[in-house]
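Here is the structure we will look at.
The values are calculated or read from the model by the stated rules, or taken from the named source; none is laboratory data. The structure presented is a predicted model; accordingly, all values stated were derived computationally and were not measured. Because the Cβ atoms are built from the backbone with ideal geometry, glycine has one as well, and the counts that use them run over all protein chains shown.
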Amino acid sequence: MFRKMGMEPKDFRPYREVVPRHILEGLDGVLNTLKAERIVHVNSTPMGGGVAEILRSLLPLSKGLGIDTDWFVITPPESFFKVTKKIHNLMQGAEGELTRNEEDEYFSYGGTLGDFDVSTIEADVVFLHDPQLLPLMQVLPKKNRPMVVWVCHIDLSKPNVKMLRKLIPYISLADKLVFSLQQYVPSGLAEESVNIIPPAIDPLSDKNRYMDLQQARDVVASMGVDVERPFITQVSRFDPWKDPRGVVDVYRIAKRAIPELQLAYLGASHATDDPEGASIYADLVQYIANDRDVHLYTEEHISIEMVDTVVNAFQKASPVILQKSLREGFGLTITEAMWKQTPVIGSNVGGITIQIVDGETGFLVANKSQCAKRAVELLASLDKRIVMGEKAKESVRQKFLLPRFLRDYIKVGLQ
Ligand code: UDP
C-alpha cells in the first residue's frame with residue numbers, strides 16, 4: 001500500500017559555501033533545539049512535479065544532518081489518482097464537483113490503508129503531502145500518535161469552495177499545517193497550527209548545479225533546437241494550469257516580431273500521480289499543427305536518467321524562460337531558472353508573485369500579449385538579460401535555497 005524510498009544521506013558541508021550566513025546560523029540554532037528523533041514524509045509519487053522534487057532533495061540532506069528521516073510513497077490504483085487529480089483541479093478553482101463514486105473511491109482509500117499504522121513506522125513527526133494523503137487522516141491512531149503535519153503545495157487562492165469544504169474536516173485533523181503562501185490559508189482552521197513555508201531548490205542537485213553554457217547549448221542542440229536562432233522555453237507538466245496552449249499563443253505573437261523564433265516545451269516530468277498529461281499533450285500536438293519551430297518533449301523523448309541534465313541545460317541555455325501558469329502553488333521551475341541567471345517571464349499569480357520582482361528579477365505579466373511583448377524585449381537585449389539574471393540568482397540565494405527550507409521544516413517539527 002505504500003513503499004519505502006531508499007535514500008543516501010547527503011553531506012551538508014558543501015551547502016555552507018553557497019547559502020547566506022544568517023540562514024546557516026538559523027539552521028544550526030534549530031538543530032540544537034530539535035527534540036524530534038525520527039521524521040517521516042509520505043507523498044504520492046517518487047518522481048515528477050514539485051513535491052517529489054522537494055522531497056528528493058530535502059530528505060537526503062536532513063539525513064545528512066543526522067536526523068533520522070524516511071520517505072514513503074503510497075501506491076494506490078490508477079483510478080485513485082484520476083480522482084485526486086480532479087480534486088487538485090477543483091482545489092485550484094476548477095468548476096464542478098466529485099461524483100458519488102469518485103467521493104467513495106477517494107475517502108474509502110483511507111480505509112484500505114488500515115495497515116498504515118503510523119506507530120509501526122515509529123516516527124515522532126509525520127508529514128503528509130497534498131490531498132492525496134488526506135484520506136489517511138481517518139486511520140491515524142487516536143492515542144500515542146506522532147505529530148501529524150499536513151502540507152498543502154497547491155494554489156488555494158481561488159478554490160472551488162464546495163470541494164474545499166469537504167476536505168476541511170480532514171485537514172483539521174492534522175496537528176500542524178503548512179502552506180506555501182499566507183493567502184492560501186483557508187478560513188476556519190486553527191491559526192496556531194498554520195505555518196507558511198515557501199519551497200526551495202537544491203543548488204547542488206544534477207538539475208541545478210552549475211553547467212557550462214556551451215555544454216548546455218550542446219545538450220539543447222542535441223534535442224533538435226537550433227541554438228543559433230532565438231528560442232523561448234517553458235518547463236512544466238502537461239497540465240491545464242500551466243496553460244500550454246497559452247504558451248503556444250505567446251510564441252505565435254512573439255514570432256510576428258521575430259520570425260526565426262522557436263519554442264521548446266518540456267513536459268517530461270515522469271509523474272506517476274498525474275494521469276492528465278497524455279491527453280493534454282495530444283491536444284497540444286494538434287494545436288501546434290506541424291509547426292517545425294515548436295519542440296514538445298514528453299517522457300518518450302527524455303528518459304528518467306537524463307531529465308535533470310536536460311532541464312538544467314534548457315534553463316541555462318534559453319535566453320528566456322516562460323511560466324505562463326493560470327495558477328501556481330509555488331513554481332520550482334521559476335526558482336530553478338532564476339538560479340541559472342535566466343530571466344523568467346511569469347504570470348502574475350500565486351507563488352510566482354513571491355519569486356519575481358517585476359522588472360527587477362524577472363517580469364510579471366497579466367496576459368498573453370504582455371508576455372509576448374516582454375519576451376521580444378528580452379530577446380532583443382543581452383544586457384537586460386544579464387542584469388536581470390544576476391539579480392534573479394541573488395534573490396534565490398537569499399530566499400529560496402534548500403537549507404532555509406530545511407530550517408523551516410525542522411521548526412515545524414520542534415515539539
Ligand atoms: N520537471 C521536470 N521535467 C519536465 C517538467 C518539469 O523535471 O519536463 C520538474 C521541474 O524541473 C520542477 C518540477 O518538475 O522541478 C515542477 O515543479 P513546479 O513546482 O514548477 O510545478 P508542479 O509540477 O509541482 O505543479
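Give me a count of the residues in the stretch 209-223 that are part of a loop (DSSP other than H, G, I, E, B) and touching a Ser or Thr at 6+ places or on another chain (Cβ under 9 Å).
So the count comes out to 1.
Here is a yes/no grid of residues against (1) touching a residue at least 60 places away in the same chain (Cβ under 8 Å); (2) surrounded by fewer than 21 Cβ atoms within 10 Å (Cβ to Cβ); (3) within 16 Å of the ligand (Cβ to nearest atom):
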{"site": "Met5", "(1), (2), (3)": "yes, yes, no"}
{"site": "Glu8", "(1), (2), (3)": "no, yes, no"}
{"site": "Val30", "(1), (2), (3)": "yes, yes, no"}
{"site": "Leu65", "(1), (2), (3)": "yes, yes, no"}
{"site": "Asp68", "(1), (2), (3)": "no, yes, no"}
{"site": "His88", "(1), (2), (3)": "yes, no, yes"}
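Which one of Pro198, Pro141, Pro203 is away from the ligand (no atom under 16 Å from the Cβ) and either more than 25 Å from Ile345 (Cβ to Cβ) or under 22 Å from the mean Cα position of the chain (by Cα) (or both)?
On the way: Pro198 fails: away from the ligand (no atom under 16 Å from the Cβ); Pro203 fails: away from the ligand (no atom under 16 Å from the Cβ).
Just a single option satisfies the conditions, and that option is Pro141.
Consider the stretch 368-391. How many of its residues are outside any helix (DSSP H, G or I) and either closer than 20 Å to Ser325 by Cα or at pLDDT below 95 (or both)?
Count: 0.
Tell me whether the stretch 189-200 contains one or more residues that are part of a loop (DSSP other than H, G, I, E, B), of a type outside the set (Val, Ile, Thr) and at positive phi.
Of all residues in the stretch 189-200, those part of a loop (DSSP other than H, G, I, E, B) come to 189-190, 197-200.
Okay, now just the ones that are also of a type outside the set (Val, Ile, Thr), so 189-190, 198-200.
Then drop every residue that is not at positive phi, which leaves none.
Among the residues of the stretch 189-200, not one is part of a loop (DSSP other than H, G, I, E, B), of a type outside the set (Val, Ile, Thr) and at positive phi, which makes the answer no.
Look through Glu336, Glu377, Glu360 and report the one residue that is over 22 Å from Arg229 (Cα atoms) and over 21 Å from the mean Cα position of the chain (by Cα).
Glu360
Given (1) away from the ligand (no atom under 16 Å from the Cβ); (2) surrounded by 17 or more Cβ atoms within 10 Å (Cβ to Cβ); (3) in contact (Cβ under 8 Å) with a residue 60 or more places away in the chain, where does His153 come up short, assuming only one miss?
Only one criterion in (1) away from the ligand (no atom under 16 Å from the Cβ); (2) surrounded by 17 or more Cβ atoms within 10 Å (Cβ to Cβ); (3) in contact (Cβ under 8 Å) with a residue 60 or more places away in the chain is unmet by His153, namely (1).
Which of (1) more than 30 Å from Arg256 (Cα to Cα); (2) at pLDDT 95 or above; (3) buried (at least 16 other Cβ atoms within 10 Å of the Cβ); (4) not basic (Lys, Arg) does Glu394 not meet, given it meets every other one?
Just one mismatch for Glu394, condition (3).
With the structure loaded, tell me whether Gln182 is closer than 20 Å to Ile54 by Cα, surrounded by fewer than 18 Cβ atoms within 10 Å (Cβ to Cβ) and out of contact with any Leu (no Cβ under 7 Å at 6 or more places or on another chain) or whether it fails that test.
yes
For the stretch 356-363, check the following and say yes or no: at least one residue is within 16 Å of the ligand (Cβ to nearest atom) and touching a helix residue (DSSP H, G or I) at 6+ places or on another chain (Cβ under 9 Å).
yes
Say we look at the stretch 299-335 and pick out the residues that are under 19 Å from Leu213 (Cβ atoms) and in a strand (DSSP E or B); which of these is farthest from the ligand (Cβ to nearest atom)?
That would be Val320.
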